[in-house]
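What follows is a short report on a single structure.
The values are calculated or read from the model by the stated rules, or taken from the named source; none is laboratory data. Everything numeric in this text was worked out from a predicted model, so none of it was measured. With ideal geometry, Cβ positions are generated from the backbone for all residues, glycine too; neighbour counts draw on all protein chains shown.
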Amino acid sequence: MNAPVKIPVGSAPLEREEILLAVENVSLSFGGVKAIQDVSFDVRKGEIRAIIGPNGAGKTSMLNCINGFYHPQQGRITFKGRTRPRMRPHEAASQGVARTFQNVALFKGMSTLDNIMVGRTLKMKEPFFWQLWRHGPAMREEIRHRAVVEDIIDFLQIQHIRRTPVGKLPYGLQKRVELARALAMEPDLLLLDEPMAGMNLEEKEDMCRFILDVNNQFGTTIALIEHDMGVVMDLSDRVVVLEYGRKIADGTPAEVKADSRVIDAYLGVAH
Amino acid sequence: MLYREAGQYKTSYAADMAIFPLRQDRIGLAAILAIAFVAIPMTGNQFFLSSVMIPFLVFSLAAVGLNILTGYTGLLSLGTGAFMGVGAYACYKLATAFPDVNILVWILCSGFFAAAIGVIFGLPSLRIKGFYLAVATLAAQFFLQWSFVRIPWLYNYNASGAIEVPTRTLFGLPLTGATASPETRYFALLVIVVALTWIASNLVHGRVGRMWMAVRDMDIAAELMGIRLLHTKLLAFAVSSFFCGVAGACMMFLWYGGGEANDLFNINLSFNILFMVIIGGLGSLIGSFMGAAFISILPTALKFGLPAIGIPIAGATAEHVNLLLVGGLIIFFLIVEPHGLARLWQILKQKLRVWPFPY
């Protein structure tokens, strides 16, 4: 007889209170354009945190600040208990922040497999000298990481496109490969910038399932930007709402849905 | 029919990640190596070796070098000729300063000097890309070319103002200089090219190659995945210039033998190698060889091949026809197959795999 397999339901509640990422009073401007003004929020370990808001609200800029691509003029970002004033993108990556992009940013000339293998770059340590021979340590390392990548490929069900150059893939699959590439970094915090944009219903449902599975099985904390309110309300544990670079609401989906300022921001106010 | 992968099962990741996973490809490679090492030296006459094969191998090596930079990392360079020159002059200085060390050691060491110079001129690549980087490397071309002519220390104050390649031996046979036979030079060059191509292939199929291609395809995403752009680009410049430098040293010591080589490493050489890479296929090692074969063998084939099959053509006319033809073919390729001969080869292999079915 097979022992009953215990399937975890919902995201793991155990570490809920531990704060993984804290954004405090962050302001970012480009010349006269104030992209983000005095925004504070936190992301707890193991949760799915949504950032929503109308176009131009500063959501993507926020993600860019978190993974070190932009440097906010004011405010502090604390990740895993370490506050940093300025951080280069590769430092953020090596500390465990991975992300996907709003416009698919895959390496178009490379195969799916190679794209995901790039995600392992930071984990591969064998020096240049061994890379010259492709035998011995470098090859053993390569095989070790290939096995990890194959697990991710299985997990996201993209075995059939392993060898396909990603430029030839349909859009929905490209998004999935991008998720796979981010997962290959084994991140503590996964930033998803509109993972469902431009997808049809079926692809969206697949993607939602994958996001929940990632959260469940790997315990990865996820911060996502999404415009599909149904998806946001169903997936996320907590939602932060931005409008014109300011935070207008923060709370559980139900709270946010009932907030009059959020409704005004999305539907407009009668003057 | 013959080119079929059916029945070839891979049971390990190592087998799956092999550079030539298909048995037919491995047999083909072995056949090419056998022809290059055995058949050509046995059947080819001196003229064929010294005017066809040696130039082809030198250009292939340089094209592999440029392909690492332009094809794999996406950094356009017009300084190839100058980097080759650095290799040649470094090799000359080393070989005359330390005459007791084997010349092959100095040919390989000269690559490191070219790599260092390449890194210096690669520094602007963090800030500028595309055509602007091409212009920056053009500065390297002009500056270095000027140095080769104006700094007499580089050519040991020779009255001719050029390198005079000394005679050096390997296993008792003269390898460089006037008395070296084409066979010896061909063998030495072939060993260098095969070994370095193997290393290049190892690099581009591993972590380093993926980093280069990631930077080429989407540098922002690469940066956010933890790849340091400057390191990666400078590494590409270093490796590429190393290959070009060794190619330049080979060109001077194993092909030209000095003398007439006063202004050899000029902008025309840079352009020629860029054309080889473009026609052969950007981002493909086999393409580098195809492009080099195409551009370096075509002039000789026209000049001597046409009279051999009964079409009388004067040497000067052949030169002109060659220029016309190469120019026309470059335009043809850019329109019909921008990914070069390597892509045609890939398409052919794909068709053969499924033949006689369309897909």
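Overview of results
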| read-out | value |
| --- | --- |
| Failed condition for residue B:35, given (1) touching a residue at least 12 places away in the same chain (Cβ under 8 Å); (2) over 30 Å from residue B:214 (Cα atoms) | (1) |
| Search result, residues across region B:3-16 that are without any contact (Cβ under 8 Å) to a residue 12 or more places away in the chain, part of a loop (DSSP other than H, G, I, E, B) and not polar (S, T, N, Q) | B:6, B:7, B:9, B:10 |
| Test: residue in region A:132-150 that is more than 7 Å from every other protein chain (Cβ to nearest Cβ) and assigned to a loop (DSSP other than H, G, I, E, B) | yes |
| Enumeration of residues in region A:86-102 that are in contact with a strand residue (DSSP E or B) (Cβ under 7 Å, 6 or more places away or on another chain), surrounded by 17 or more Cβ atoms within 10 Å (Cβ to Cβ) and at negative phi | A:95, A:97, A:98, A:99, A:100, A:101 |
| Residues of region A:213-231 that turn out to be part of a loop (DSSP other than H, G, I, E, B) and either at positive phi or surrounded by fewer than 19 Cβ atoms within 10 Å (Cβ to Cβ) (or both), as a count | 3 |
| Lone qualifier among A:237, A:206 - being buried (at least 16 other Cβ atoms within 10 Å of the Cβ) and farther than 30 Å from residue A:114 by Cα | A:237 |
| Candidates B:96, B:70 - the one that is over 19 Å from residue B:147 (Cβ atoms) and either crowded, with 21+ Cβ neighbours inside 10 Å or of a type outside the set (Phe, Trp, Tyr) (or both) | B:70 |
| Residue in region A:52-75 that is in contact with a Gly (Cβ under 8 Å, 6 or more places away or on another chain), more than 17 Å from residue A:25 (Cβ to Cβ) and among the hydrophobic types (A, V, I, L, M, F, W, C) present | yes |
| Selection from region A:103-122 of residues that are surrounded by 16 or more Cβ atoms within 10 Å (Cβ to Cβ) and of a type outside the set (A, V, I, L, M, F, W, C) | A:108, A:109, A:111, A:112, A:114, A:115, A:119, A:120, A:121 |
| Cross-chain or 6+ apart pairs with Cβ under 8 Å, region B:170-199 first and within 13 Å of residue B:104 (Cα to Cα) and among the small types (Gly, Ala, Ser), then at pLDDT below 90 and outside any helix (DSSP H, G or I) | B:188/B:170; B:188/B:175 |
| Among residues of region A:232-262, those that are among the aliphatic types (A, V, I, L, M) and in a helix (DSSP H, G or I), counted | 7 |
| Residue among B:311, B:330, B:227 that alone is of a type outside the set (Asp, Glu) and at pLDDT 85 or above | B:227 |
| Any hit, region A:162-175, residues being closer than 15 Å to residue A:185 by Cβ and either within 11 Å of another protein chain (Cβ to nearest Cβ) or touching a Leu at 6+ places or on another chain (Cβ under 7 Å) (or both) | no |
| Count of residues meeting criterion [facing chain B (nearest Cβ under 7 Å) and farther than 18 Å from residue B:219 by Cβ] in region A:97-127 | 1 |
| Which listed residue is at pLDDT 90 or above, within 30 Å of residue A:162 (Cα to Cα) and β-branched (Val, Ile, Thr), from B:86, B:58, B:38, B:64 | B:64 |
| Residue identified as outside any helix (DSSP H, G or I) and either touching a residue at least 60 places away in the same chain (Cβ under 8 Å) or of a type in the set (A, V, I, L, M, F, W, C) (or both) among B:64, B:52, B:101, B:105 | B:101 |
| Matching option when the condition is in the same structural domain as residue A:178 (by TED's automatic domain parsing) and free of Cβ contacts under 8 Å to residues at least 24 places away in the same chain, among A:91, A:142 | A:142 |
